[in-house]
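The values are calculated or read from the model by the stated rules, or taken from the named source; none is laboratory data. It should be emphasised that the depicted structure is a prediction, and the values quoted were computed from it without experimental measurement. Note: ideal-geometry Cβ built from the backbone for every residue, glycine included; neighbour counts use all protein chains shown. For the accessible areas, the whole protein counts, side chains as well, though only heavy atoms, and no ligand, DNA or RNA atoms are used. Shrake-Rupley method; radii C 1.70, N 1.55, O 1.52, S 1.80 Å.
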Amino acid sequence: FTSKKLYTNAFIVSPGPPRKILLGYKKRGFGANLYNGFGGKVEDGETPAQAALRELKEECGIEAPLNHCGTLLFVSKGGPEWAFQIEIYRADAYSGTLIETDEMRPEWFSAVDTQSQEVAEKPNTTLAPIPYDSMWLDDVHWMPLLLSNRHFVGRADFDTDASGKYKMLKWWFGI
Ligand code: 6U4
Ligand code: NA
Ligand code: NA
């Protein structure tokens, strides 16, 4: 075990209609070719909240009144050899102009709250659903908690298979 690394991840969930969530397609580095929120490492001398705002601005050009909404812990199998703590932030509005950067291409997706009793009056035909097949394996488990505006915590244990692909061995996410 070396040390736990602290990261942020920020999501804009616009109430709409249509209700939608902003994700970024990561173009390079860790998690390249996956959609995710905007975020990165918390630097020395910075709080997670400050890092979340800085990374949001750096990666897609906007500012937002982010609220802390969850804490996730990702660990490697059997060690842990590594551990990531990720502080999740959310806002329902933003200011500025969305831009594509070297790191991220922002894109909106339909954000239906699957845990809510409300049924959308009309199916959304213009926005694609959240692309879980192109996201980190854990995201499908906690995204419903984020979308239903609950404060959540969770942990997932990862291993890599022979080809170096991540597998999620066990997990728990809850409110
Ligand atoms: P640099 O090299 O400075 O651009 P940095 O911006 O510090 O890197 P980066 O972009 O690699 O960090 O950030 C990784 C992002 O991926 C963070 O927002 C946390 C997030 N992340 C890592 N593992 C994740 C996982 N299993 N599920 C998830 N997000 C994850 O949803
Ligand atoms: Na980053
Ligand atoms: Na960074």
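Looking only at residues that are away from ligand 1 (no atom under 11 Å from the Cβ) and surrounded by 13 or more Cβ atoms within 10 Å (Cβ to Cβ) in segment 17-38, which one is nearest to Ser134 (Cα to Cα)? Going through the qualifying residues, I end up with Tyr25. With respect to being more than 13 Å from ligand 3 (Cβ to nearest atom), surrounded by fewer than 15 Cβ atoms within 10 Å (Cβ to Cβ) and closer than 20 Å to Gly31 by Cβ, Lys41 falls outside the description.
In segment 91-105 there is at least one residue matching the filter, namely being open to solvent by less than 20 Å² (accessible area, probe 1.4 Å), under 25 Å from Ser134 (Cβ atoms) and in contact with a Leu (Cβ under 6 Å, 6 or more places away or on another chain). Picking from residues in segment 134-155 that are in contact with a helix residue (DSSP H, G or I) (Cβ under 9 Å, 6 or more places away or on another chain) and under 15 Å from Leu34 (Cβ atoms), the one that is surrounded by the fewest Cβ atoms within 10 Å (Cβ to Cβ) is Val140. Looking at (1) open to solvent by 50 Å² or more (accessible area, probe 1.4 Å); (2) within 12 Å of the chain's Cα centre (by Cα); (3) among the charged types (D, E, K, R), which one does Glu58 not meet, given that it meets all the others? Status for Glu58: all satisfied but (2).
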